[in-house]
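Each remark here refers to the structure printed beneath this line.
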Amino acid sequence: MPLELSLSVCNYDRTAAIFDGRAPIDGCDVTAVALEPEESFHRAFKYQEFDVTEISMSSYLMTASRGEAHYIAIPAFVSRLFRHSSIYIRTDRGIRSPADLKGKQIGVPEYQMTANVWVRGTLEEEYGVKPADIKWRRGGLEEAGREERSPMKTPPNVDLASVPHDRTLSDMLEKGELDGVIGARAPSCFLRGVPNVARLFPDYPAVEEAYFRKTRLFPIMHAIGIRRSLVEKYPWVAVNVYKAFLKAKALCMHELGQIGHLATTLPWPVAAYDRAREAMGEDYWPYGAHENKHALETLARYSFQQGLSARPVPLDEMFAKPTYELSKI
């Protein structure tokens, strides 16, 4: 009898084959639901609802460092993103460069979210702006009352406070009650083009490409987690799930390069695919622990330095053991 699994992951192009059956999980009968990442994280870290789920790498490292992780990750990084694009500012506050963020009130949907860990690490290492230099204000971006998905503490020198529970960050940014917002999604006030709200880095692709050339970092956001008790009972599950996600990504990359019929609804996606490989290398979106050693160790270091993780989680503890070395022919 196949093992019955529940699975939650966003329906990205690189996970589409999980949903349509082209990348099955061997030995398993899968009930898959496509959820936005925020919902998967909330339901996974608070209630452990799914057997296999997309997980925030920041929250995972934080809970793993304390021995409290209910999931064990596999190194299938279904979400990666450069985050210079994620800094939104009021243009009437004299903010012309990252250094001008010092002393400002900046909203964050969750302090622990992976996007913000990368932004804070980048601000400190590339621009000399430390987390303690900013006044952090936490709240829902578009819906009031959002809280951290997993319990956390911040260092005593970090000014972190919640906004009023009936207010949203986007509304406060629009009304000038915040100097900026940093988060994974664009505030609706920015998308509506309200006056005096803009990105800190308007030409963010050029800035992010220069950052990659300098650091060789393509920030990892999300991985896939498997219920720890399930892996302990069925050790073969981790590799079988991992192989399915590897196949799904391989099918996606093949489709991106097909110019006879376009896989995405854009006029020049193949040119963009070729440009990405030219700038970042043939396998610019690698899965695997060893293949991502630099990015993973950097994220673990940022998490510890920012007071989220109780200790730096070493690479050899991050993932299910069998996924570090797959069989070869």
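If you go through segment 186-197 one residue at a time, do you hit one that is over 26 Å from Arg96 (Cα atoms) and out of contact with any Leu (no Cβ under 7 Å at 6 or more places or on another chain)?
Taking every residue of segment 186-197 in turn, none turns out to be over 26 Å from Arg96 (Cα atoms) and out of contact with any Leu (no Cβ under 7 Å at 6 or more places or on another chain).
Of all residues in segment 6-29, which are of a type in the set (A, V, I, L, M, F, W, C), touching a strand residue (DSSP E or B) at 6+ places or on another chain (Cβ under 6 Å) and more than 20 Å from Ser56 (Cα to Cα)?
Answer for segment 6-29, where residues must be of a type in the set (A, V, I, L, M, F, W, C), touching a strand residue (DSSP E or B) at 6+ places or on another chain (Cβ under 6 Å) and more than 20 Å from Ser56 (Cα to Cα): Phe19, Cys28.
Given the conditions (1) open to solvent by less than 40 Å² (accessible area, probe 1.4 Å); (2) in contact (Cβ under 8 Å) with a residue 24 or more places away in the chain, which single one is not true for Gly145?
(2)
Give the number of residues within segment 274-310 that are exposed (fewer than 14 other Cβ atoms within 10 Å of the Cβ) and either small (Gly, Ala, Ser) or under 24 Å from Glu68 (Cβ atoms) (or both).
Result for segment 274-310: 2.
Looking at segment 78-129, which of its residues are crowded, with 23+ Cβ neighbours inside 10 Å and in a loop (DSSP other than H, G, I, E, B)?
Scanning segment 78-129 gives Arg83, Pro109, Glu110, Gln112, Met113.
Please find, within segment 267-284, the residue that is nearest to the chain's Cα centre (by Cα) out of those that are in a helix (DSSP H, G or I) and under 15 Å from Cys252 (Cβ atoms).
Ala276
Considering only segment 234-255, I want to know if a residue exists there that is at pLDDT 95 or above, polar (S, T, N, Q) and not in a loop (DSSP other than H, G, I, E, B).
yes
The values are calculated or read from the model by the stated rules, or taken from the named source; none is laboratory data. Every value quoted in this text rests on a predicted model; they were computed, and no experiment measured them. Here the Cβ is made from the backbone with ideal geometry for all residues, glycine too, and neighbour counts use every protein chain on show. What goes into the accessible areas is simple: the full protein's heavy atoms, side chains included, and nothing from ligands, DNA or RNA. Shrake-Rupley method; radii C 1.70, N 1.55, O 1.52, S 1.80 Å.
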